[in-house]
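Readers should treat all values here as calculations from the given coordinates under stated rules, not as data from a laboratory. Since this is a predicted model, take the numbers as computed values, not measurements. For neighbour counting, all protein chains shown are included, and Cβ atoms are generated from backbone atoms with ideal geometry for every residue, glycine included.
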Amino acid sequence: MQFVGTFWALVPPIVAITLALITKEAYSSLFIGVVIGALFACNFSPIATIDMIVNDGLVTAVADNAGIFLFLVLLGIIVALVNLAGGSAAFGRWAEENIHTRVGAQLATFVLGILIFIDDYFNCLTVGSVMRPVTDRHQISRPKLAYLIDATAAPVCMIAPVSSWAAAVSGVAEKLDSGISGIQLFIQAIPFNFYSLLTFVFVIGMIVMGFDYGPMAKSELEALKGNLGSLGNDEEVESTKATLWDMLIPIIVLIIMCIIGLMYVGGFWDPESGVAGDFVGAFGNTDAFVGLPWGSLVALVFTIIYLICRGVTSFKDAMSCAVKGFNAMVPAILILTFAVSLKNMTGLLGAATYVEGVMKAASAGLFSMLPAIIFIVACLLAFATGTSWGTFGILIPIVLPIFKVGDPLLMIGISACLAGAVCGDHCSPISDT
């Protein structure tokens, strides 16, 4: 096929980037990229193109990521349950009584965001609903609250081995024959993810020093006058029976069960696994696409039973959260489906082989600059598509073959890819979070 292994293999993601910049809309941009990739792979045969889009693109993407989709839905249901029961509102009331300054309210938002590291959607939904009454009371603008939440959510998930992001990254890297498991690759890249780590330093410094700039400073001045910048839909779920623990206990159980799930799937308790009793070995041997749904399903069942026994919700109301939780995660599922489909198309076109050849032909000086180049490319791609997952889904298969196993630049290059994806997502006006 004339398009395979050539520059044309990069045209689908380039088109997706360009369209995202023009339309400010990620779904159609990614899908059109998938269509173009299929057209190239099938030499513009209409029937073969449709077949490839459906079978090699969308169906394969859903099948390969069924575990992470299930995890996202289960997370959404747990969030809906906690909100319905009034646990989030109860935590907010507790925070109102114990936080007395603007700095304290912002630091509490940051700390809660750090503690909820399982998933960025879970983080944003929970921290937003919990801290909104607290920040409103201290006249902190909604844009500032949104910034604090988003600046914490993605970076903490990007450096947490027990998270949906670890599952997504390891899932993309697992089948690329890199000589290292996907979860090990993710863990070893954490110390080099300077963007995520320095973002925490920046947020803390900005809070403590009371430093705001640009539109953020303007929003904060307006908030002090009483205009918080609300977008509406601020109704709170009230439950006189709900307490602080009605939010904390489900979250704590979720985190613990996800860790246990990853250890179990990794063979921690299996004498025949070769890593029995080895915590690090079990994590390196685990399948996050199975371990995280395993843990979150147990946590969901526990949460339903716990909240019903507490009398803060009924069985019927609890079951209604299944649809609410699914609906909350539909945008994430769509983005991931289209992004992985686009990755499949670029893989069929041999994009990784083409880029690997170009990079190997480059001078040694340029090769040492690759991590910086990868970071910039990842930033631009994430900015254009508004999705971190779509970005490293496209770039990791391209970046991994460039470096050899054991090369010091391997982890730095992967870290640059992941950090750039988060940076571009943060800057993007069409970000899914």
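Only Cα pairs under 8 Å and at least 6 apart count here; give the relative contact order of segment 75-212 as a rounded whole percent.
For segment 75-212, the relative contact order is 24 percent.
In degrees from 0 to 90, rounded to the nearest 10, what is the angle of the helix 351-361 Cα long axis to the longest principal axis of the chain?
Taking Cα atoms only, the helix is inclined about 70 degrees.
In the chain, what is the count of Lys pairs whose alpha carbons are under 14 Å apart, counting only pairs at least 8 residues apart or on separate chains?
Details: LYS144/LYS218; LYS175/LYS343; LYS316/LYS324; LYS360/LYS404.
Close lysine pairs found across the chain: 4.
Mind checking the dipole of the chain: about its Cα centre, +1 per Lys or Arg Cβ, -1 per Asp or Glu Cβ, Debye to the nearest 20?
Values: 17 positive and 29 negative charges, 112 e Å.
Here the chain has a charge dipole of around 540 debye.
Arranged from highest to lowest average of other beta-carbon atoms within 10 Å per residue, in what order do the peptides 192-204, 82-94, 32-44, 248-260 appear?
Working: 192-204: 16.5, 82-94: 24.2, 32-44: 21.8, 248-260: 19.4.
Put in order of decreasing packing, that is 82-94, 32-44, 248-260, 192-204.
What angle, in degrees between 0 and 90 and rounded to the nearest 10, separates the Cα long axis of helix 194-209 from the longest principal axis of the Cα atoms of the chain?
Rounded to the nearest ten degrees, it is 30.
Between segment 85-124 and segment 1-65, what's the alpha-carbon centroid distance in Å?
So the separation of the two Cα centres works out to 41 Å.
Which order do peptides 270-277, 101-108 fall in by mean Cβ count within 10 Å, highest first? Mind showing how you got there, number by number?
On the way: 270-277: 12.1, 101-108: 17.8.
Highest mean packing first, the order is 101-108, 270-277.
In whole Å, what are the Cα extents of the chain along the three principal axes, biggest one first?
Computed over the Cα atoms, the extents are 67, 56, 44 Å.
With the chain treated as a Gaussian network of Cα nodes joined by springs under 10 Å, which of PRO143, PRO397, PRO215 yields the largest mean-square fluctuation?
Judging by the Gaussian network model, the answer is PRO215.
Please find, in a Gaussian network model of the chain (springs between Cα atoms separated by less than 10 Å), the residue of SER45, SER296, SER181 whose mean-square fluctuation is greatest.
Residue with maximal mean-square fluctuation among SER45, SER296, SER181: SER45.
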